[in-house]
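Enquirer: Pasting a structure below so you can have a look.
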Amino acid sequence: MEMMADDYDTRGILRPLVFRLHENAPAIVREVLLERGWTEFDKKERDDADWNLYWRNSPFRMTDHHSVKPWQRLNHYPEAVRITRKDYLARHLKRMKGAYGSALYEFSPVAFIMPNDYVKFVAEYSKERQSVGRRPSYWICKPVDLSRGRGILIFQDIKDLVYDCAVVVQKYISNPLLISGYKMDLRLYVCVTSFCPLTIYAYEEGLVRFATEKFDLSSLDNVYAHLTNTSINKYGVSYKKYKEGIGCGCKWTFSKFRSYLRIFGVDDMLLWQKINNIVILTLLAVTPLPVASNCFELFGFDILIDDKFKPWLLEVNYNPALCLDCSIDDTVKRKLLHDVVELLNYKQIDTFRQNQMAGIKAGRRRVPWSRAGKSATGEIPGLFTCQKVAKCPSASSVQPAMQATRGSIHKVATLTSKTARAHPKKTLTSQLRERMNVPKIPSQAKAEAEIKQLSEAGRSPHKSAQLNHWLPTPDFCNYELTTCPYFLSDKDQRPFPRVGGFVLIFPFNEAALQASRDGTDVKSIIKEINKLVSKQLPSKQQNGKKRVGYLTSAI
Ligand code: ADP
């Protein structure tokens, strides 16, 4: 029997989206999804496959990945741990350094994985000690699979190095950028919506995390002066006190940091470009990951900036902390999660539904589902028809993941046997609620108004959008942002250049896009990054802003 559009209309249209949380999943994920009108998965009430997003803190089993359905999303990639475990990361970056040159990959401090690299470490340590006139380095020893600053030791003399588990010994950046004498680092959120083709978004808002006691190399065991983890500093005696130049607590937003840098004439754009390069080069180091569809990864990149304004990658976090310790956390993380959901593009189905509804209302036509693909909507490229999807028992066969297939996702959900039942308690669709509830940040609203004004005056909306955002979007993604922000170009399937605070940083140009299709051509991508890096410096020097390195003493 052929399914008719009206069936979809009456059964499916009122269904809220469903999330599933594993134990220990952050409370704010639940809050945000409920705010957006989603409903929580209940095993007793629902079919096993009747959910749209599954969020857990630990990796999924491969069977979960293999059985994921086209309408579902998982919040982890298989083997993402390849960059989030400190020893794996060190190994991958070392390999890339060897293959592509240390100039490009010198953003991560020299590291030794213990106990295997003990001899190499001793050789390096001794070489330094013997070289005349060179101040011996400081080192930091970190357990490979612990987080939140646990088990960390900073030392200068090898006799102080003790460990009873696998650790990474890394060169300690002993000249960090200090604000009013306090050390800080950046927690940058990065969302990879696909590893194949590689698609990376950086979040333009984030957290600046401060140590709560003044930096002092003569007290290496003072964790409140040397570590910037909130999990440590919130227990320090100075945490709640007002700290001159910093304020109370231990966090700033990126926006505040950026204003601060600008006051001192620091070229924050150049700094951001460098950080973006670090993110891309790091993620390239772990490609290819096993092919997996319908999953995404929200990483937390920890970036330390030194007093020459050089950004260093300290580590990449799996499950970046989403707890709310202060109001800054609430502002940044809540909006971040809203934007993650936006990025997953559940909204496209809403557009699809609106069109479908409008079509039905206008003509009361009965559209056979087997033809209800692109021709039925006229708007959603790559939309799978029911027939096509019915042949796809798992999402693994639906490519590219999370891009062209999104429109079909919820439609299929409505057609599974149990999921087709009515949900009388829900009177509003989660999509409608999504539209009403999603907070619009003032800058975004302002940007949109400005885009509208400028486009009315015949100017490019894309370029004007850049005026209001910190990070520019890649020029080659020149979409009509005002008219259809969720549109994915049918013929070339380009990712969206910006979604909320997420900015597409890879692919960053046409060549990078081509090189990331049909498997990742790392060599060609590195070539493009090299070109980018050489372009970045001269253009910034010309634009009249001071180079960052000169300003250290001012801060
Ligand atoms: P964890 O996973 O335990 O948080 P990190 O690698 O993020 O481990 O280190 C914790 C903190 O220690 C960082 O936030 C930073 O303040 C400091 N730190 C880590 N590595 C270095 C380094 N190489 N140089 C300077 N500070 C570092």
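Enquirer: How much length would be gained if the chain were fully extended between Ser327 and Lys531, taking 0.36 nm per residue of separation minus their Cα-Cα distance, in nm to one decimal?
Expert: Separation in residues times 0.36 nm, less the Cα-Cα distance, equals 69.3 nm.
Enquirer: Apply the Karplus parameterisation 6.51 cos²θ - 1.76 cosθ + 1.60, with θ equal to phi minus 60°, to every residue of segment 105-110 and state each ³J(HN,Hα) to the nearest whole Hz, in sequence, with x for glycine and proline.
Expert: Karplus values, whole Hz, x for Gly and Pro: 9, 8, 8, 10, x, 3.
Enquirer: So how do 215-222, 326-333, 28-35 stack up, highest first, on mean other-Cβ count within 10 Å?
Expert: Values: 215-222: 13.4, 326-333: 16.8, 28-35: 18.4.
Final packing ranking: 28-35, 326-333, 215-222.
Enquirer: If packing is taken as the average count of other Cβ atoms within 10 Å, what order do 102-111, 296-305, 526-535, 169-178 fall into, highest mean first?
Expert: 296-305, 169-178, 102-111, 526-535
Enquirer: Let me ask something else. Where does each of Lys310, Lys120 land when they are ranked from fewest to most other beta-carbon atoms within 10 angstrom?
Expert: With the fewest neighbours first, Lys310, Lys120 line up as Lys120, Lys310.
Enquirer: Would you mind checking the pairs Lys94/Lys333; Lys274/Lys523; Lys127/Lys234; Lys251/Lys274 and listing those with alpha carbons more than 28 angstrom apart? Please list the in-between numbers first.
Expert: Numbers: Lys94/Lys333 32 Å; Lys274/Lys523 19 Å; Lys127/Lys234 39 Å; Lys251/Lys274 22 Å.
Pairs exceeding 28 Å: Lys94/Lys333; Lys127/Lys234.
Enquirer: Let me ask something else. When a/c reaches 1.5 or more, the comparison of a/b and b/c decides; with that in mind, is segment 162-317 rounded, prolate or oblate per its Cα gyration tensor?
Expert: In terms of gyration-tensor shape, prolate.
Enquirer: How large is ³J(HN,Hα) for each residue in segment 306-319, as worked out from phi by the Karplus curve 6.51 cos²θ - 1.76 cosθ + 1.60 (θ = phi - 60°), to whole Hz, x for Gly and Pro?
Expert: Running phi through 6.51 cos²θ - 1.76 cosθ + 1.60 with θ = phi - 60° gives 8, 6, 9, 6, 8, x, 10, 8, 8, 6, 10, 9, 7, 6 Hz.
Enquirer: May I pose another question? Give me a comma-separated list of calculated 3J(HN,Hα) values for segment 129-146, in order, Karplus coefficients 6.51, -1.76, 1.60 applied at θ = phi - 60°, integers in Hz, x for any Gly or Pro.
Expert: 4, 7, 6, 5, x, 9, 6, x, 6, 9, 10, 10, 10, 10, x, 5, 10, 9
Enquirer: Let me ask something else. Could you please rank Thr199, Thr84, placing first whichever residue has the fewest other Cβ atoms within 10 Å of its Cβ?
Expert: Thr84, Thr199
The numbers here are math on the coordinates, done by the rules we state, and not lab data. All values reported here derive from a predicted model rather than from experimental measurement. Note that we place each Cβ from the backbone using ideal geometry, even for glycine, and neighbour counts take in every protein chain shown.
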